[in-house]
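Here's the structure we're looking at; comments come further down.
The values are calculated or read from the model by the stated rules, or taken from the named source; none is laboratory data. This one's a predicted model, so the numbers in the text were calculated from it and none came from an experiment. Here the Cβ is made from the backbone with ideal geometry for all residues, glycine too, and neighbour counts use every protein chain on show. Just so you know, the surface numbers come from the protein's heavy atoms only, side chains and all, with ligands and any DNA or RNA stripped out. Shrake-Rupley method; radii C 1.70, N 1.55, O 1.52, S 1.80 Å.
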Amino acid sequence: MNTTVNPNKALWEKGDFTRIAATMRESGEALVQELGITKGLKVLDLGCGDGTTALPEAKLGADVLGVDIATNLVEAGNRRATKQGLTNLKFQEGDATNLKQVPDKTFDLVVSIFGAMFAPKPFEVAKEMVRVARPGGRIVMGNWIPNDPTFVAQLLKISSNYTPPPPEGFVSPMTWGIENNVIERFAAAGIPAERVSFTRDTFTFNFQGTPSAYVDEFRKYYGPTMNAFEAAEKQGRAAELQKELEELFNSQNKSQDATSIPATFLRVTVAV
Ligand SMILES: C[S@@+](CC[C@H](N)C(=O)[O-])C[C@H]1O[C@@H](n2cnc3c(N)ncnc32)[C@H](O)[C@@H]1O
C-alpha cells in the first residue's frame, strides 16, 4: 500500500475550500464571460476546485473537463454539475504536474484560475498545459502577485510569517505572479515570449457577514490559513495572527453591511 502523503494534495483537501469558493462566484463568472467561450469549445479547467469557473464555462456551452488534485473538491464539483443539470461538464482527479490521463493537443482552451500556480514543479506544469492544448489554442492563467498590497498576497504573506520555512528547493507558488518567471516557464515548454501576454485584473471576494466572521471562515476551512493557525498555536501566537488578519480583512473591506474585498491578480494569456 502506498502511504506516502502528497503535501500538495493534503493542503487542499484540508478543511473545506468550497466554503471560500462560495465567496468567489461572481468574479469567477465575470472572468469567464471575457474568455470568448463558444458552444462546443473544448475547455480544460485545471486546479478547478468545485467549479467556480468551470460551471460558468459549461453554462456558455463549452465541453469542460475540470481537473483537480483534491478528491473532495472533485466530488463537490461533480455534485454541483449534476444539481445544475450540466451534462457537458465533468470533474476528475489529476495533478497539474503530470496530466497523464490527458492526451496531447486535446483542448482549445486551458484555464487555470489560482489553480496550477499552487502545484509544485512549475516548469512541468507549463509543459503539461502546453502539451494538452491544441496548436492555435489558448492558455489563460490567473495568478496572485507576490508582495502585491491587496488581499490574497497579503493573506498568504502574513500566514507565511507564522509557518516554518519551506523545505529546501521549494518554489513559491507566488512566483507565477512574476512576468519573467512565467515567460521563462513557457519558453522552456516551447512558447516564445511574444506569445505570452499579461494584464492586471481584479477578483472580488464577497461574504455575507462581517470581515471578522470571514476571517473565521478562513481559519476553519482554508488549508493555508488552517496551517498558519496550527503553527501559530504551537508558538502561542494564534491571537496575534487573528488580530493581524482581522486588521487586513477590515482595512480591505469595501462594503458597509457585509464583506467585499477586491484582490489584484496577474492574468496570463498564452497563444499556443
Ligand atoms: C485557490 S484554489 C482555486 C480553485 C478554483 N480554480 C477557484 O478559482 O475557485 C486552488 C486549487 O488548485 C488545486 N491544486 C493545487 N495543486 C494542484 C495540482 N498539483 N494539480 C491540480 N490541482 C491542484 C487545489 O486543489 C485547489 O482546488
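Looking across the range 53-65 at every residue that is surrounded by fewer than 24 Cβ atoms within 10 Å (Cβ to Cβ) and not hydrophobic (A, V, I, L, M, F, W, C), the one that is nearest to the ligand (Cβ to nearest atom) is identified as 56. Among (1) β-branched (Val, Ile, Thr); (2) within 12 Å of the ligand (Cβ to nearest atom); (3) in a loop (DSSP other than H, G, I, E, B), there is one condition residue 38 misses while meeting the rest; what is its number? Of the numbered conditions (1) β-branched (Val, Ile, Thr); (2) within 12 Å of the ligand (Cβ to nearest atom); (3) in a loop (DSSP other than H, G, I, E, B), the odd one out for residue 38 is (2). Filtering the range 53-65 to residues that are assigned to a helix (DSSP H, G or I) and among the aliphatic types (A, V, I, L, M) leaves 54, 55, 58. Taking the numbered list (1) part of a helix (DSSP H, G or I); (2) more than 11 Å from the ligand (Cβ to nearest atom) in turn, residue 9 passes all entries but (2). Residue-level check: of (1) within 9 Å of the ligand (Cβ to nearest atom); (2) open to solvent by 10 Å² or more (accessible area, probe 1.4 Å); (3) in a helix (DSSP H, G or I), residue 26 misses just (1). The single residue among 35, 11 that is within 24 Å of residue 137 (Cα to Cα) and not acidic (Asp, Glu) turns out to be 35. Pairing residues of the range 94-122 that are more than 19 Å from residue 10 (Cα to Cα) and free of Cβ contacts under 8 Å to residues at least 24 places away in the same chain with residues that are within 12 Å of the ligand (Cβ to nearest atom) and among the small types (Gly, Ala, Ser), at Cβ distances under 9 Å and at least 6 apart in sequence or on separate chains, gives 100/94; 101/94.
A Cβ distance below 7 Å, combined with a sequence gap of six or more or placement on separate chains, defines the contacts here; from the range 46-59, residues that are aliphatic (A, V, I, L, M) reach residues that are in a loop (DSSP other than H, G, I, E, B) and crowded, with 24+ Cβ neighbours inside 10 Å in the pairs 46/96; 46/115; 54/48. Within the option set 50, 45, being within 9 Å of the ligand (Cβ to nearest atom), surrounded by 18 or more Cβ atoms within 10 Å (Cβ to Cβ) and in a loop (DSSP other than H, G, I, E, B) holds for one residue only, 50. If only residues of the range 247-272 that are polar (S, T, N, Q) and within 20 Å of the chain's Cα centre (by Cα) are counted, the one that is nearest to residue 190 (Cα to Cα) is 269.
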